[in-house]
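Each value in this text was obtained by applying a stated rule to the coordinates, not by laboratory testing. Predicted model, so just to flag it, every value in this text is computed and none were measured. Counting neighbours? That spans all protein chains shown, and the Cβs are built from the backbone with ideal geometry, glycine included.
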Amino acid sequence: MAHDHTDPPGGKTASFGFRDVPAADKQKLVGRVFQSVASRYDVMNDAMSLGVHRLWKQAFVEWLAPGPDTALIDVAGGTGDIAFRFLDRIVPQGGTGSVAVCDINPAMLSEGVKRAGMRQDRDRLSFVCGDAQALPFRASQFDAYTIAFGIRNVTDIAAALVEAHRVLRRGGRLMVLEFSKVDVPGLAEAYDAWSFNVIPALGNILTQDREAYQYLVESIRRFPPQAQFARMIEAAGFGQVKFRNLTGGIVAMHSGWKL
């Protein structure tokens, strides 16, 4: 597994972009990236993906197909993008559904809180600072767990998946939306050119932080491809694991159930 391995001297390392760093340092380094770009994060998402991230997130929530009483935990969802789409879908149905947004980064959470303040349904939202590897919630608390474009930033992905399993009730569903491995000939080359040449430059213009977006581009390349990540989800105890590619595999949606 490229993202987490043990060096000969016995020190655990984790990938931070194309560099390997001591595992203990990764969280702090990732934290700095998101602290730096939080206020421009959503603008940058539009620029990087030419707005397509909105369609990916919409498809993600549609596949989740939450019912009116679904209790959702959205991890690494600081700015509220998935949470708001979830509420837009369930609130018109009535019911008691709610969403807890859990993010390790206070700057990202404060952006979400700011955006939530304008919503009529903000009483169904909570924002909690917490680590995906040790969630501050009790076992079997949620019907669904989502994480969109966040799991590749976690130091120990396997530990985060085990935590997802713990906080879901039996019959609950895990869904992950993440950049993945392009499976369309020709698209991979175009995507690489865009990623490595355009995205860091856009990051520099829009957030004055080229390095943050260089890291994000590199971190995508270090994330396990679709089938390998599906096996990691199964190893955490989930059943009926499936994935669907979007935009030729630039991103993939993964789904698993706590049976």
**Study point:** Dipole of the chain, positive end: most advanced residue of Val21, Ala252, Gly203 [Cβ charges, Cα centre]
**Key:** Ala252
Revision key, fill the gap. Here the FRET efficiency for Asn204 versus Val128, based on Cβ atoms and R0 = 35 Å and rounded to 0.05, is 0.60
Review point. Mind checking the dipole of the range 19-159: about its Cα centre, +1 per Lys or Arg Cβ, -1 per Asp or Glu Cβ, Debye to the nearest 20?
Key: 300
**Study point:** Length added when fully stretched, Lys28-Val162, from 0.36 nm per residue minus Cα-Cα
**Key:** 46.1 nm
Check your understanding: Which value in deg cm²/dmol, rounded to the nearest 500, describes the helix-derived mean residue ellipticity at 222 nm for the chain, given -39,500 (n - 2.57) per DSSP H run of n ≥ 4 and division by the residue count?
Key -> -12500 deg cm²/dmol
Point to revise | Check: the chain dipole with +1 on Lys, Arg Cβ and -1 on Asp, Glu Cβ, in debye | key: 440
Revision key, fill the gap. Rg from C-alpha atoms of the range 70-195, normalised by the globular rule of thumb 2.2 N^0.38 Å, equals 1.14
Exercise for review: Under 12 Å from the Cβ of Ile90, count the other residues' Cβ atoms, weight Lys and Arg +1, Asp and Glu -1, and hand me the total.
Suggested key: -1
Check your understanding: Mind ordering 20-32, 146-158 by average Cβ neighbours within 10 Å, highest first?
Key -> 146-158, 20-32
Study note, to complete from the structure: Simple SL model, points at 7 angstrom along Cα→Cβ for Trp257 and Lys114; separation in nm is 4.1
Review point. Where does the Debye-calculated log10 I(q)/I(0) of the range 27-70 sit at q = 0.22, 0.30, 0.31 Å⁻¹, using only Cα point scatterers of equal weight, no solvent?
Key: -0.81, -0.94, -0.96
Review point. What size of dipole, in debye to the nearest 20, comes out for the range 20-83 about its Cα centre when the only charges are +1 on Lys and Arg C-beta atoms and -1 on Asp and Glu C-beta atoms?
Key: 260
Exercise for review: Among the chymotrypsin sites (Phe, Trp or Tyr not before Pro) in the range 171-259, which ones are in a DSSP loop with at most 15 other Cβ atoms within 10 Å of the Cβ? Mind listing them?
Suggested key: none
